[in-house]
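Values quoted throughout were computed directly from the atomic coordinates according to the rules given, and no laboratory measurement underlies them. Note that the coordinates shown come from a computational prediction; the quantities given were computed from them, not determined experimentally. All Cβ positions, even for glycine, are placed from backbone atoms using ideal geometry, and neighbour counts span all protein chains on display.
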Amino acid sequence: VVIGTLASHYGHFHDTYGMKTVGKVPAGLPLPKIPSFRDATDNFSEAIIVAVVAFAQSVSLAALMAKKHHYRIDSNQEFIAYGVSNIFGSFFSCYPAAASVSRSSVQESAGGKTQLTSVFSAALVLVVILVIGPLFEDLPNCVLSSIIVVALRSMFMQLFQLRKLFHVSAYDFVIWIVTFVSVVVFYVDIGLWVGIGFSFVTVVVRTQVAKARILKKIDPVNAFADESKYIKTRGFSGIRIVGFNAPLYFANGDLFLRQVYTLSDTKPERVRKQIKRLGSISEFRRQSSLKSLESISSFRSARSDTSTRSSNPGSSLEENGFLPTSNDLAPMGRPIDTSMADCGYVHHIILDCSSMCFIDTVGGKILKQLCDDYKSIHVTVLLACICDQAWSVLEKTKFVEKYGDVTYMTVEDAVTAARLASPAEERKLQIYLETIMEESEINTETQLISDNT
């Protein structure tokens with residue numbers, strides 16, 4: 001600024017080359033006067049954008065400093081402070097007030113602790129306004145614009161953070177790119193509105209790609225979780241526990257239905273055709289139980305072959321070059337959970353609603369449809385862990401009035417109720433499975449002790 005001002009003054013850039021300069025700068029403070037609202041309608045949208053950006057930047061900076069120096073801020077108090085300061089400054093033709101990232105960082109690094117440091121900064125600015133202001137009359141506007149570029153260097157440096165942002169969240173990365181391009185191509189206000197609108201679209205997209213998953217019990221901690229994330233999980237014969245990690249509303253209702261039908265491996269339309277072909281639901285259950293027993297027999301035969309191979313010391317080591325795996329010596333881990341505990345026809349489906357932060361009226365109708373479809377094939381749907389907001393909607397849509405007896409506080413309660421209500425032949429299959437699992441555990445422990453010896 002100093003070099004540019006001196007060069008412009010002694011080189012007569014304005015007169016010789018027609019270069020735009022700051023021009024006349026009146027010395028002293030302007031007299032207070034009521035602000036003019038003549039151009040208020042023309043500048044309304046820009047004023048909104050300036051207010052939003054200024055407040056967001058100021059509060060973000062305040063939160064950053066509060067976290068660094070271990071104190072709290074009140075966003076409402078900050079909002080009132082900025083409002084009062086801008087109302088007061090409007091009577092003196094002041095620019096909108098907001099926190100400065102660069103000046104605040106310099107002040108903090110220099111050891112500033114309180115607002116007293118701002119008093120000295122304001123005093124220096126006052127000296128510039130009263131005395132030094134006229135010296136900037138020959139300052140070229142292009143040099144003045146460089147101050148803005150330097151002040152925004154931290155924002156330009158964000159371009160180097162895009163790679164990291166993409167690895168953290170692809171959605172945030174796309175929002176950043178769309179907003180940036182919109183601001184550059186159109187204008188700041190239009191670009192920001194485009195960015196806000198696009199961010200809302202991504203919220204809908206995220207719920208559209210939400211996935212339901214099969215949950216199984218983790219015995220040591222008595223919890224239910226995705227079996228693909230944990231090793232020691234246990235399922236229940238004839239019972240499917242389905243979790244959905246998104247709100248249930250009009251945009252993803254059909255997706256939710258399809259995923260429940262697929263994960264439970266029980267599509268009502270297909271089961272109705274099988275029941276019609278076999279003649280009755282009892283015959284369908286009998287055929288399903290026979291298939292389950294055949295699957296268990298095949299599993300036991302395969303396990304017997306595995307045990308025989310494992311009885312030869314060092315066989316796995318010789319064949320694979322590694323020690324026997326847990327799947328070789330302990331088929332009571334994941335293999336039994338996935339192949340045996342899921343045997344038998346499905347008679348209960350439990351929906352874990354703990355991740356459904358809200359359900360709209362369409363979501364309530366979807367749950368009704370799900371319960372009715374499965375009721376037609378003698379499959380009971382149970383709901384567990386419904387949040388208060390979703391419960392309120394289900395009450396107003398008459399779901400609770402019709403299906404209130406299928407709701408439970410926890411998934412464990414729902415599983416207990418489902419096991420107690422299991423058909424007689426299914427309970428026999430459950431007892432048979434548990435007996436096999438206990439025998440397998442004993443045999444596995446014996447095999448491990450023998451191998452260690």
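Results, tabulated for the structure shown:
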{"item": "Additional length obtainable on full extension of the chain from Leu124 to Asn141, 0.36 nm per residue less Cα span", "result": "3.9 nm"}
{"item": "Segment 1-123: relative contact order in percent, alpha carbon pairs under 8 Å with at least 6 residues between", "result": "26 percent"}
{"item": "Total formal charge among the other residues, if their Cβ is under 13 angstrom from that of Glu412, Lys/Arg +1 and Asp/Glu -1", "result": "+1"}
{"item": "Pairwise label distance in nanometres, Ala81 with Val184, each label 7 Å out on the Cα-Cβ vector", "result": "3.6 nm"}
{"item": "Segment 264-273 - phi-based ³J(HN,Hα) in whole Hz, Karplus 6.51/-1.76/1.60, Gly and Pro as x", "result": "6, 6, 9, 8, x, 4, 5, 5, 4, 5"}
{"item": "Simple spin-label estimate for Glu283 and Leu165 in nanometres, 7 Å along Cα-Cβ", "result": "6.4 nm"}
{"item": "Estimated FRET transfer efficiency (Lys398, Tyr10; beta-carbon r; R0 60 Å; 0.05)", "result": "0.10"}
{"item": "For segment 71-81, 3J(HN,Hα) per residue [Karplus equation, 6.51 cos²θ - 1.76 cosθ + 1.60, θ = phi - 60°, Hz, x = Gly/Pro]", "result": "9, 9, 10, 10, 4, 5, 5, 4, 4, 5, 4"}
{"item": "Label-point separation in nm, Leu61 to Gln274, each point 7 Å along Cα→Cβ", "result": "6.6 nm"}
{"item": "Förster-model FRET efficiency, 60 Å R0, Ser90 and Ser354, C-beta, rounded to 0.05", "result": "0.75"}
{"item": "Cα shape, segment 41-108, gyration tensor, a/c 1.5 rule", "result": "prolate"}
{"item": "Within segment 87-156, chymotrypsin sites (Phe, Trp or Tyr not before Pro) in DSSP loop having at most 15 other beta-carbon neighbours inside 10 Å", "result": "Phe91, Phe92"}
{"item": "Whole-Hz ³J(HN,Hα) from phi, Karplus 6.51 cos²θ - 1.76 cosθ + 1.60, for segment 394-409, glycine and proline x", "result": "5, 5, 6, 8, 6, 5, 5, 4, 8, 10, x, 7, 10, 9, 9, 5"}
